[in-house]
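Student: Structure provided below as structure tokens; questions to follow.
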Amino acid sequence: MKIVLASHNAGKQKEMAPILEQFGVELVLQSDLGLHIDVEETGSTFRENALLKAQAVMRQTNMPAISDDSGLMVDALNGAPGVYTARYGGEGLTDEQRYRLLLSALIGQTNRAAHFYSCIVCAFPSGEVLTAQGVCDGTIAFAPMGAGGFGYDPIFFVPALRKTFAQMTPEEKNGVSHRAKALAAFRSEFEKYCREKNIHVDE
């Protein structure tokens with residue numbers, strides 16, 4: 001089965017595609033189908049924003065569309081940046097500018113606890129919606145480390161592996177990340193959906 005990723009973020013596709021391929025889903029970017037739309041994220045929760053994006057792309061393509069809305073929640077910042085993670089500091093900033101801004105906001109803070117959260121929503125032309133969630137607990141490093149990943153990966157440190165997301169191999173990250181956990185939960189929901197609808201993923 002082919003599912004459209006409701007995102008322009010090639011980094012998300014790179015992370016999600018190998019996991020989805022394991023159970024017969026081919027993930028394509030909306031741009032691969034000639035679709036270039038930006039959905040305004042007006043929701044107050046990750047699920048609301050993911051649903052807005054998935055449904056918009058589903059309606060434009062008449063294909064199942066999947067969206068991941070993720071965010072970084074920092075305890076010392078009362079859960080910020082949260083749903084504003086991708087827009088932290090305003091429009092036009094680079095990933096590096098955003099995570100350095102976050103580091104500056106934590107100067108003097110000894111509580112570095114943080115949590116990456118992911119909500120995945122898949123919208124089908126039939127009107128049905130599947131939702132799954134995942135969380136990865138970690139800390140905010142005192143300085144960026146690693147050259148991999150994207151977004152805030154260089155400053156999100158996972159104590160169990162003693163590495164930031166940016167220092168991990170793709171396989172390591174897919175073993176612990178919030179998005180990987182959400183995708184694992186989504187797989188269970190998706191397989192149940194396919195059984196109920198008598199759908200074969202290679203159709």
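The values are calculated or read from the model by the stated rules, or taken from the named source; none is laboratory data. All of these numbers come straight from a predicted model, not from anything done at the bench. FYI the Cβ positions are ideal-geometry reconstructions off the backbone, even for glycines, and counts take in every protein chain you see. Ligands, DNA and RNA are stripped out before the accessible areas are found, and what is left, the full protein with its side chains, is counted by its heavy atoms. Shrake-Rupley method; radii C 1.70, N 1.55, O 1.52, S 1.80 Å.
Student: Taking every DSSP beta bridge that has both residues in region 1-117, what percent is antiparallel when rounded to the nearest 5? Working shown, then result.
Tutor: On the way: 5 of 11 bridges.
Among the beta bridges of region 1-117, antiparallel pairing accounts for roughly 45 percent.
Student: Give the shape of the chain as rounded, prolate or oblate, defined through the alpha-carbon gyration tensor: a ≥ b ≥ c are the square roots of its eigenvalues, a/c under 1.5 means rounded, and otherwise the shape is prolate if a/b is larger than b/c and oblate if not. Write out the running numbers ahead of the final one.
Tutor: Details: a/c = 2.07, a/b = 1.67, b/c = 1.24.
Prolate.
Student: To the nearest 10 degrees, how steeply does helix 178-197 sit against the main Cα axis of the chain, on a 0 to 90 scale?
Tutor: Taking the Cα atoms of the chain, the angle to 178-197 is about 10 degrees.
Student: Using a 1.4 Å probe on the protein heavy atoms, what percent of the accessible area of the chain belongs to carbon and sulfur?
Tutor: Working: 4930 of 9850 Å².
That share works out to 50 percent.
Student: Determine the distance separating the Cα centre of region 58-87 from the Cα centre of region 166-203; give it in Å without decimals.
Tutor: Distance between centres, Cα-based: 17 Å.
Student: Exposed loop chymotrypsin sites (Phe, Trp or Tyr not before Pro) only (DSSP loop, at most 16 other Cβ atoms within 10 Å): please give the longest stretch of the chain free of them, not including the sites. If you can, show how the numbers build up before the last one.
Tutor: Details: sites that count: 23, 142, 150.
Answer from the scan: 24-141.
Student: Which GluC sites (Glu not before Pro) does region 41-150 hold that lie in a coil by DSSP with at most 14 other beta carbons within 10 Å? Present the calculation step by step, with values, prior to reporting the outcome.
Tutor: Working: sites: 41, 48, 91, 96, 128; in loops: 41, 91, 128.
Qualifying residues, ordered by number: 91, 128.
Student: I would also like to ask the following. On a 0 to 90° scale, report how tilted helix 10-21 is relative to the longest principal axis of the chain, with both axes built from alpha carbons and the result rounded to the nearest 10.
Tutor: The answer is roughly 50 degrees.
Student: Sticking with this one: Step through the table entries 14/163; 14/181; 163/192, compare each Cα-Cα distance with 27 Å, and write down the pairs that go over it. Could you put the intermediate results ahead of the total?
Tutor: Details: 14/163 20 Å; 14/181 16 Å; 163/192 35 Å.
As for pairs spanning more than 27 Å Cα to Cα, those are 163/192.
Student: For a paramagnetic label modelled at 7 Å from the Cα of residue 33 toward its Cβ, which residues of region 1-19 fall within the zone defined by backbone nitrogen distances under 14 Å?
Tutor: Those under the cut-off are 1-8.
Student: Starting from the Cα of residue 2, draw a straight line to each of the aspartates and glutamates and keep only those under 18 Å, dropping any in the same chain fewer than 8 residues away.
Tutor: 15, 21, 26, 32, 68, 128, 189, 191, 202, 203
Student: Stretch residue 60-residue 142 to full length: gain in nm at 0.36 nm per residue minus the Cα-Cα span?
Tutor: Values: separation 82, 0.36 × 82 = 29.52 nm, distance 4.32 nm.
Taking 0.36 nm per residue and subtracting the Cα distance, the gain is 25.2 nm.
Student: For the chain, find the longest principal axis of its Cα atoms and tell me its angle to the long axis of helix 95-105, 0 to 90°, nearest 10.
Tutor: With rounding to tens, the tilt is 50 degrees.
Student: Classify region 1-96 from the C-alpha gyration tensor, please: rounded if a/c falls under 1.5, else prolate or oblate depending on whether a/b exceeds b/c.
Tutor: Values: a/c = 1.95, a/b = 1.67, b/c = 1.17.
Prolate is the answer for region 1-96, as a/c is 1.5 or above and a/b outweighs b/c.
Student: Here's another thing I want to ask about it. Rank these residues by their accessible area, most exposed first, probe 1.4 Å: 140, 19, 107.
Tutor: Numbers: 140 5, 19 25, 107 135 Å².
Descending accessible area places them as 107, 19, 140.
Student: Grab the beta carbon distance between residue 78 and residue 196, set R0 = 35 Å, and tell me the FRET efficiency rounded to 0.05.
Tutor: Numbers: r = 41 Å, r/R0 = 1.17.
Efficiency for this residue pair is about 0.30.
Student: Rounded to the nearest whole Å², what accessible area per residue is found for region 59-162 with the 1.4 Å probe? All intermediate terms of the calculation are to be shown ahead of the outcome.
Tutor: On the way: 4860 Å² over 104 residues.
Value for region 59-162: 47 Å² per residue.
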